[in-house]
Amino acid sequence: MASSNSSDSSTPAELAAPYGSGPAAASAAASSGTSASGTGGTADGGTGGTAEAARKPAARIRTHHLQAAKVNGERFAMLTAYDQYTAEIFDQAGIEVLLVGDSASNNVFGNETSLPVTVDELLPLCRAVARSARRALVVADLPFGSYEVSTQQAVATGVRFLKEGLAHAVKIEGGKFYAETVRAMVQAGIPVMAHIGFTPQSEHSLGGYRVQGRGDDAQRLIDDAVALADAGAFSVLMEMVPASTAAAVDAAVDVPTVGIGAGSATTGQVLVWQDMAGLRGGKMAKFVKQYADLRTSLSDAAKAYGDDVRSGQFPGPEHSF
Ligand code: KIV
């Protein structure tokens, strides 16, 4: 996916390139120690380039790039991020969309569910992520209670996330009932991603963590997605939906869809980063693929440090002034 403002003519190879394939890519890749081409090519993509060009910031992924991905049959990746270092690492790894999820509630703030987290708690996390990501589109979740009361409340909260949180877009949970809310936010200049299927903020009314859109219920999700896309949502995210239903929803809307536990037909996929990287302990949902075991690595590092301190091995002369 090309991440410039000038062109939508993306190629699959560009989707994998953290900083595109030009000189800015070379500079970013040099600092991160990776190949900028993402395809084994030369760091400057064979185009040469000036030092001035190399200092240019990476071009930002915009909602129209995600739209182009759908049109061109490409995929994009989305991960949650809640702080400076994860945002920086995921951005430099080429993740196209970073979500400052209300899952911070149960992955950062120690709550059991996503319900207790507040706007004032999420805003500083969002700012940290937005300041640290040079290329990724940063989407912020509007937390439970911050948009349901009225379209005015939704617009006001959305404005806070773009103005104070420096987010590029927001995400709200809920079906076609929220179409007017989405319309009002989009008219106010707030790009909205709609979240349907299992919506964790409604866990109590949905009767717990349950797959949504099975059998005859599939049509409800299709209707939701069509209404939200018609209202101006730039993307529809589906959580815990049968793969066949998600495919039908994806076919029913022109906007890119994102899945989490929704099969492989969506344009994008999202995971909570602590699940993806194995930081969180306990049982993982069926839809999680773990790509690292950070919990074991961190625990081993902490144990080794503790042992060294207790035995007097740390600090050594090399760590002393
Ligand atoms: O808050 C979050 O992490 C989310 C994802 C589960 C999509 O909404």
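Worth a mention:
- With every protein chain in place, the range 219-315: carbon and sulfur % of accessible area (1.4 Å): 55
- Amide H to amide H, with H built 1.01 Å from N, Ser235 comes under 5 Å of Ala194, counting only residues 5 or more places away or on other chains.
- Thr296 paired with Ala156, simple spin-label distance in nm, labels 7 Å along Cα-to-beta-carbon: 5.0
- Scalar couplings 3J(HN,Hα) for the range 297-303, obtained by applying the Karplus form with A = 6.51, B = -1.76, C = 1.60 to θ = phi - 60°, are 4, 5, 5, 4, 5, 5, 5 Hz; x denotes Gly and Pro.
- Taking the alpha carbon gyration tensor of the range 78-234, multiplying each eigenvalue by 5 and rooting it gives semi-axes of 24, 18, 16 Å, largest first.
- Residue-span extension gain [Gln187 to Glu121] - 0.36 nm each, minus C-alpha spacing: 21.1 nm
- With θ taken as phi - 60° and the Karplus curve 6.51 cos²θ - 1.76 cosθ + 1.60 applied, the whole-hertz 3J(HN,Hα) list for the range 72-87 is 8, x, 9, 10, 9, 10, 9, 9, 6, 8, 9, 7, 4, 6, 5, 4 Hz, x standing for glycine and proline.
- Virtual spin-label span in nm between Val288 and Tyr209, 7 Å along Cα→Cβ: 0.7
- Per-atom-type breakdown for the range 111-213 gives carbon and sulfur 54% of the accessible area (1.4 Å probe, protein chains only).
- Using θ = phi - 60° in the Karplus curve 6.51 cos²θ - 1.76 cosθ + 1.60, the 3J(HN,Hα) couplings for the range 179-184 round to 4, 5, 4, 4, 4, 5 Hz; x is entered for Gly and Pro.
- The label-point distance for Lys163 and Arg220, in a model that sets each label 7 Å from Cα toward Cβ, rounds to 3.7 nm.
The values are calculated or read from the model by the stated rules, or taken from the named source; none is laboratory data. What you are looking at is a predicted structure, and each value in this text was computed from that prediction instead of being measured. Every residue, glycine as well, gets a Cβ built from its backbone with ideal geometry; the counts of neighbours run over all protein chains shown. All accessible areas refer to the heavy atoms of the entire protein, side chains included, with ligands and DNA or RNA removed. Shrake-Rupley method; radii C 1.70, N 1.55, O 1.52, S 1.80 Å.
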